[in-house]
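A.B. asks: Have a look at this one before I ask anything.
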Amino acid sequence: MNTLSEADDNATCMTMCPEAEIRFRESRCLIHPLESSDQTASTSSSKSRRADHSRMVKVYSRPAAGRDDVNPSQLRPFPVLKRTVSYLLRLANESTASWTLVYEFVADRLRAIRQDMIIQRMNPLHTLELLEAMIPFYFIAEYRCESRHCPGYDRKLHSTQLEECLCRWKEVFLLIGSSSDISLCYLLRNADKTETYQDYTEWKTQLPPRLRSVVGDAIQALKMNNFCRFLRIVGRLPTAALRCSAWHHISTNRLAGLTSVSTAFKSPTVKIEVDVIMRWLAFDAEDDATCCLNELGFRVNNGTVNFHQKWQEPKPDLHLFHWKRCDKLLDLNADHLFSE
């Protein structure tokens, strides 16, 4: 990575997609539907698609022996990368194409942007600006893909790419600092880790003042298994990126909550209404709460549950979406989620 004073002058491609790549992909009918002209964008056959060069964005490709990855004409300088990130996020907000198509395209092209940044050893100021622009996409897209059963979504790959962005962001943040909300997103995402509260304490003077104490309270609530307070705080966070960065903990928070409730109300004469549990643990639907209770061995009858005796061995699978669904809590209905 370059020093603060060095310019990123080893990249000369001034378009979102290098000319050589445009020619190569056109000759081999490798035009993505979102790169097609209006007349052919919906055409199913890739052979009949005509490229709109203004929409074409460099694809991610793995480094290979013998390939000239450091050719300046194939690398985009910071102003072009910044413009490309803005274009991709605008596309994610405004495209009427299927979410699967949009997600696959944007995720791949953002990965190519990070590749260009690494190859040309972009300076920290520019690196920070680009990463802070793209990281919210990964937080929000994670929930959207999980909730919509997106065919092109690979949970492990997406998580790896998000962690890669966060690790690189932290490296630059510790070097030059930042007052953006991404520092809060980082802390919320890692709220269950031992070192997170230490990070929070050390970074306190750099964190956005309006939310500094709120995020600290959320971290403490999660660590103390104060599940109701944690969920209330998450629901009050002002941006989708912040709320989605905390979503990572919803399933474990609900498991801890149901475990605590089942212990506190373990009596043969006490019944708890499922509606109450839904309110405590921010469930959207009674079916989701019922599925979670059933997996813990508790039977729901007529909208109530008795925790005195389990009817089966607990088999919670926190990867199942009924543990994680919280559309109302995250509130992802805004028009410009990726550019708040």
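A.B. asks: Would you confirm whether any residue within segment 282-291 is buried (at least 18 other Cβ atoms within 10 Å of the Cβ), closer than 30 Å to Arg210 by Cα, in contact with a helix residue (DSSP H, G or I) (Cβ under 7 Å, 6 or more places away or on another chain) and polar (S, T, N, Q)?
C.D. replies: For segment 282-291, residues buried (at least 18 other Cβ atoms within 10 Å of the Cβ), closer than 30 Å to Arg210 by Cα, in contact with a helix residue (DSSP H, G or I) (Cβ under 7 Å, 6 or more places away or on another chain) and polar (S, T, N, Q): absent.
A.B. asks: Would you mind stating whether Thr269 is of a type in the set (Val, Ile, Thr) and surrounded by 18 or more Cβ atoms within 10 Å (Cβ to Cβ)? Working first, answer last.
C.D. replies: On the way: of a type in the set (Val, Ile, Thr): yes; surrounded by 18 or more Cβ atoms within 10 Å (Cβ to Cβ): no.
No; evaluated as a whole, the condition is false for this residue.
A.B. asks: Give segment 247-262 a look and list any residue that's touching a Phe, Trp or Tyr at 6+ places or on another chain (Cβ under 8 Å) and of a type in the set (A, V, I, L, M), or say none. Break it down into steps so the answer makes sense when it comes.
C.D. replies: Going through segment 247-262, the residues touching a Phe, Trp or Tyr at 6+ places or on another chain (Cβ under 8 Å) turn out to be 247, 249-251, 253-257, 260-262.
Scanning segment 247-262 gives Ile250, Leu255, Ala256, Val261.
A.B. asks: Could you say whether any residue in segment 238-248 is of a type in the set (Lys, Arg), crowded, with 18+ Cβ neighbours inside 10 Å and closer than 17 Å to Met134 by Cα?
C.D. replies: The answer is yes; a qualifying residue exists.
A.B. asks: Identify the residue in segment 236-282 that is touching a Lys or Arg at 6+ places or on another chain (Cβ under 6 Å) and among the aliphatic types (A, V, I, L, M) and, among all such residues, is nearest to His158 (Cα to Cα).
C.D. replies: Ile250
A.B. asks: Could you check segment 241-315 for helices (runs of 4 or more DSSP H) lying wholly inside it with 3 or more residues that are in contact (Cβ under 8 Å) with a residue 24 or more places away in the chain and small (Gly, Ala, Ser)?
C.D. replies: Correct list: 250-264.
A.B. asks: Taking the condition of being of a type in the set (Lys, Arg) and surrounded by 15 or more Cβ atoms within 10 Å (Cβ to Cβ), how many residues in segment 160-212 meet it?
C.D. replies: 4
A.B. asks: If you take the residues of segment 227-237 that are surrounded by fewer than 22 Cβ atoms within 10 Å (Cβ to Cβ) and closer than 11 Å to Trp280 by Cβ, which of them is nearest to the chain's Cα centre (by Cα)?
C.D. replies: So the residue we want is Arg232.
A.B. asks: Could you identify the single residue in Ala285, Ala289 that is small (Gly, Ala, Ser), within 22 Å of Glu146 (Cα to Cα) and either more than 24 Å from the chain's Cα centre (by Cα) or modelled with pLDDT under 95 (or both)?
C.D. replies: None of the other options fit; the residue is Ala289.
A.B. asks: Taking the conditions exactly as written (without any contact (Cβ under 8 Å) to a residue 40 or more places away in the chain and either closer than 18 Å to Lys328 by Cβ or assigned to a loop (DSSP other than H, G, I, E, B) (or both)), does Val234 satisfy them or not?
C.D. replies: Values: without any contact (Cβ under 8 Å) to a residue 40 or more places away in the chain: no; either closer than 18 Å to Lys328 by Cβ or assigned to a loop (DSSP other than H, G, I, E, B) (or both): yes.
When the stated conditions are applied, Val234 does not pass them.
A.B. asks: Go through (1) among the hydroxyl-bearing types (Ser, Thr, Tyr); (2) farther than 21 Å from Cys244 by Cα; (3) in contact with a Gly (Cβ under 6 Å, 6 or more places away or on another chain) for Thr127 and report which single condition fails.
C.D. replies: All conditions pass for Thr127, except number (3).
A.B. asks: Could you tell me which numbered condition Thr194 fails, if it satisfies all but one of (1) at pLDDT below 95; (2) within 14 Å of the chain's Cα centre (by Cα); (3) not small (Gly, Ala, Ser)?
C.D. replies: Result: Thr194 fails condition (2) only.
A.B. asks: Quick one: what pairs do we get from segment 98-121, first residue more than 20 Å from Leu34 (Cβ to Cβ), second modelled with pLDDT under 95 and among the small types (Gly, Ala, Ser), C-beta under 6 Å, 6+ apart or different chains?
C.D. replies: Gln120/Ala11
A.B. asks: Can you pull out the residues in segment 172-211 that are acidic (Asp, Glu), closer than 21 Å to Pro124 by Cα and in contact (Cβ under 8 Å) with a residue 12 or more places away in the chain?
C.D. replies: The answer is Asp181, Asp199.
The values are calculated or read from the model by the stated rules, or taken from the named source; none is laboratory data. Everything numeric here is computed off the predicted structure, so don't read it as measured data. A quick note on method: Cβ atoms are made from the backbone with ideal geometry, for glycine too, and the neighbour counts reach across all protein chains shown.
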